[in-house]
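Written below as structure tokens is the structure these notes are about.
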């Protein structure tokens with residue numbers, strides 16, 4: 001199954017092959033959850049703020065389906 005994945009901000013560093021663009025197409029197995037994909041890409045839980053699956057905000061336990069569009073936004077840190 002193929003999933004369209006967009007990683008925003010500093011999360012782009014986790015795209016395989018160090019892609020410059022924020023989009024990649026990922027092969028996933030049947031029953032793979034969003035967290036399963038993020039674990040495979042070594043994206044830590046603390047780094048993720050929002051997840052959108054087919055333009056709907058979801059949690060990382062959702063199961064992916066062929067052709068899904070997945071957008072992941074990073075947690076933003078501020079100091080002071």
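Residues 4, 61, arranged from fewest to most other Cβ atoms within 10 angstrom of their Cβ, appear as 61, 4.
The relative contact order of the stretch 2-74 comes to 45 percent, based on Cα pairs under 8 Å that sit 6 or more residues apart.
Exposure proxy ranking for 63, 34, 76, 51, based on other Cβ atoms within 10 angstrom of each Cβ and starting from the fewest, stands as 76, 63, 51, 34. With bins 10 Å wide beginning at 0, the percent of Cα pairs of the chain falling in each bin runs 19, 57, 21, 3, 0. Between residue 62 and residue 8, the simple label model (points 7 Å from Cα in the Cβ direction) yields a spacing of 1.4 nm. Determine which residues of the stretch 34-64 fall in the zone a paramagnetic label at residue 27 would reach in this model, i.e. backbone nitrogen under 19 Å from the point 7 Å along Cα→Cβ. Counting only backbone N, you get 34, 36-42, 64. Computed from label points 7 Å out along Cα-Cβ, the spacing between residue 47 and residue 73 is 1.8 nm.
Any read-out appearing in this document is the output of simple, stated calculations on the displayed coordinates, not a laboratory observation. Given the structure is predicted, the values throughout are model-derived calculations rather than measurements. So basically every Cβ, Gly included, is an ideal-geometry build from the backbone, and we count neighbours across all protein chains shown.
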